[in-house]
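The values are calculated or read from the model by the stated rules, or taken from the named source; none is laboratory data. Here the structure is a predicted model, which is why all the values come from computation and not from measurement. Note that each Cβ is placed from the backbone with ideal geometry, even for glycine, and that neighbours are counted across all protein chains shown. To get the accessible areas, we keep the full protein, side chains included, count just its heavy atoms, and leave off ligands, DNA and RNA. Shrake-Rupley method; radii C 1.70, N 1.55, O 1.52, S 1.80 Å.
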Amino acid sequence: MSDDNSVTSTEYKLETDSELRFEIENKNEKVTITLLSGHAELFGTELVVKKSYEFGVGAKVAIFTYHGCTLELRGKPDVAYVARETPMVQYLNANSALEQLRSKAEQDDLQGPVAMVVGPTDVGKTTLCRIFLNYAVRLGRRPIYVDLDVGQGGIAIPGAIGALLVERPAPAVEGFSQQAPLVYHFGHMTPSDNGVLYNVLISKLAETTLERLQANKRAKHSGMIINTCGWVKGGGYKHILHAVKAFEVNAVFVLDQERLYNELLRDVDRSVQVIFMPKSGGIVVRTRSQRAEARDNRIREYFYGSKMPLYPHSFDVKFSDVKIFKIGSPPLPDSCLPLGMKKEDNFTKLVAVQLGPHLLHHILAVSFADGSGENVIQSNVTGFICVTDVNMEKEVLTVLSPQPRPLPQSVLLLSDLQFMDSL
Ligand SMILES: Nc1ncnc2c1ncn2[C@@H]1O[C@H](COP(=O)(O)OP(=O)(O)OP(=O)(O)O)[C@@H](O)[C@H]1O
Ligand SMILES: [Mg+2]
């Protein structure tokens, strides 16, 4: 085709331990990468020779080679360059250390290492988790991935935390497959919106995943990789310490920040290893709006898929068929607290929500709970729906759902997060 002739094609010869980095900011631009010879990997996923990988807007990618390779790049990314300074060898060494612990665990039939990645925003925490997980499965391991970052929500949707058994490397262009993740609803974009609830959910997720780890021998020996959010000061730091305890973490990898590294060395139990890791020079700091956009894309992907399109369902739900709650009510002054109630209790209180137009565009979590009180907060969720219309006359909500009707459960939990369904 004549169009094809106008596509710019560049060949890059990469030496040992170097990477090709590129970024796409233009909505209409597509970049295709083909490995012509040698070995290369994208955040731990091996590329197949001669296969083309396509990337669209928002891609910030590094293709790394341990032994040299030739890559063809077609298209016009906003930035593209080869970097020879990368922390990949350190990441590989860290993985080897984890792998030794896994082998030992396998020999003695004990639990494998629980590793956590922490650091400020935009240092490559999610990427390092992905690299660790990919390397682990490539070696035949089946680790559990835990994501505590409610801001980006890699498992399920922003506003939730969850865990996932990783059985194969992530496809180069998408994330890990989302089969049957274990998900808990938090309902806010940042832990600070309800720190008490966040800790309760971390404890619950930890308890459940540690239990599940015991139920599957291969997972048990493989251990866990835990991703966290970039809030590392004050309250955020306390959440990290809480998670280290709750998940019985053995190793904390601290990306980029020496202060955080030293604080952790001082504060965690001696049995926990704290390891400093440099960040990659390829990471570009994201603006607030880029972050919001990434969050929005993540929700869109949940309903519509990314590369493999999904077709969500839209249907009506009668007001009388559901009960909507939110978790947490504004704190009461001490003098108004009912006898025997602590101030913190308000943060984990189940509050009935009136059905009305205010629900429009909101995300609702579909709880596994049957609605009988207490257990709702600590129940995991089957999935998420989005309210696309509220009809007060007919008393129905129209919802967007990844599953066809009917809703599997009637207890819904209101999230702060909103999504405008513009497709
Ligand atoms: N070596 C690299 N070269 C180029 N881009 C990279 C490299 N490593 C990671 N990135 C990109 O940098 C961005 C930020 O990385 P990542 O999401 O892992 O950081 P993070 O610390 O998890 O951020 P957040 O605080 O938002 O959770 C991502 O788009 C990622 O694809
Ligand atoms: Mg992240």
Please list, ordered by first then second residue, the pairs with beta carbon atoms under 9 Å, 6 or more apart or interchain, first in the range 98-112 and open to solvent by less than 70 Å² (accessible area, probe 1.4 Å), second aromatic (Phe, Trp, Tyr). Leu98/Phe132; Leu98/Tyr135; Glu99/Tyr135
Residues to consider are Tyr184, Tyr145; find the one that is under 30 Å from Leu350 (Cα atoms), assigned by TED's automatic domain parsing to the domain that holds Ile225 and open to solvent by 10 Å² or more (accessible area, probe 1.4 Å). Tyr145
Matching residues, the range 107-134, being part of a helix (DSSP H, G or I) and either near ligand 2 (Cβ under 10 Å from one of its atoms) or more than 18 Å from the chain's Cα centre (by Cα) (or both): Gln107, Asp108, Lys125, Thr126, Thr127, Leu128, Cys129, Arg130
Please find, among Leu101, Leu165, Leu110, Leu128, the residue that is more than 19 Å from Glu301 (Cα to Cα), within 16 Å of ligand 1 (Cβ to nearest atom) and of a type outside the set (Ser, Thr, Tyr). Leu128
Residues of the range 227-250 classified as open to solvent by 20 Å² or more (accessible area, probe 1.4 Å), among the hydrophobic types (A, V, I, L, M, F, W, C) and away from ligand 1 (no atom under 16 Å from the Cβ), total: 2
Wholly inside the range 344-411, strands (runs of 3 or more DSSP E) that include 2 or more residues that are surrounded by fewer than 19 Cβ atoms within 10 Å (Cβ to Cβ) are 350-352, 381-391, 396-401
Any idea how many residues of the range 80-89 are over 23 Å from the mean Cα position of the chain (by Cα) and not in a strand (DSSP E or B)? 4
